[in-house]
Amino acid sequence: MKLTPRNKEVFIVLHNLRSVYNVGSIFRTADCLDVSAILLTGLSPLPVDRFGRWRKDFAKTALGAERTVAWKHFPRISQALRFLKSRQTFIVALEQTANAGDYRKIKPRYPAAFIFGNEVLGIPRAVLKQCDAVAEIVTRGLKESFNVSVAAGIALARILNR
């Protein structure tokens, strides 16, 4: 993975996302916000198939960002966390937990990483314990949470555009 020099190094970690469209949409958001790289872990769909060919279904929502945003796949999230910790990265999980703080109050140190988890199961507790902060977006309607790609856009745009 080749990183482009930036003022603030920012990583997105996508752990076990199921939907290729959610992942593609987050790639597009990452490009818009000049994110350094996306770390895809577990079962999260990759921009290329097992033969290394660019995926048309991925490109449908990424709209070319799959070719402009650096990315790397780690079979296990523990590998991605080791990579981030070796860079002294401030790690924030976006997840609904009893002790989660308001995402609007997150002031990351850089380099920073933001973890988004599975659309149904979220981020495993063992991973949350390794994070420097856990934040959530409070909802007001009947639904308890936003779609993961929408949540990524809301949180990252707010946190990174300060």
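Data table
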quantity: Within segment 102-142, considering residues that are in a loop (DSSP other than H, G, I, E, B) and among the charged types (D, E, K, R), the one surrounded by the fewest Cβ atoms within 10 Å (Cβ to Cβ); calculated: 140
quantity: From the options 126, 100, residue that is touching a residue at least 12 places away in the same chain (Cβ under 8 Å) and of a type in the set (A, V, I, L, M); calculated: 100
quantity: Candidates 90, 83, filtered to the one that is among the aromatic types (Phe, Trp, Tyr), farther than 12 Å from residue 15 by Cβ and in contact with a Lys or Arg (Cβ under 7 Å, 6 or more places away or on another chain); calculated: 90
quantity: Residues of segment 88-99 that turn out to be closer than 23 Å to residue 23 by Cβ, at pLDDT 95 or above and part of a loop (DSSP other than H, G, I, E, B), as a count; calculated: 2
quantity: Residue 70 being in contact (Cβ under 8 Å) with a residue 24 or more places away in the chain, out of contact with any helix residue (DSSP H, G or I) (no Cβ under 6 Å at 6 or more places or on another chain), of a type in the set (A, V, I, L, M, F, W, C) and over 21 Å from residue 153 (Cα atoms); calculated: no
quantity: Tabulated pairs, segment 6-28, first closer than 17 Å to residue 68 by Cβ, second of a type in the set (Val, Ile, Thr) and at pLDDT below 95, C-beta under 6 angstrom, 6+ apart or interchain; calculated: 24/61; 25/61
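The values are calculated or read from the model by the stated rules, or taken from the named source; none is laboratory data. As the structure is a computational prediction, the values presented were derived from the model and not from experiment. Here Cβ is always computed from backbone atoms with ideal geometry, including for glycine, and neighbour counts include all displayed protein chains.
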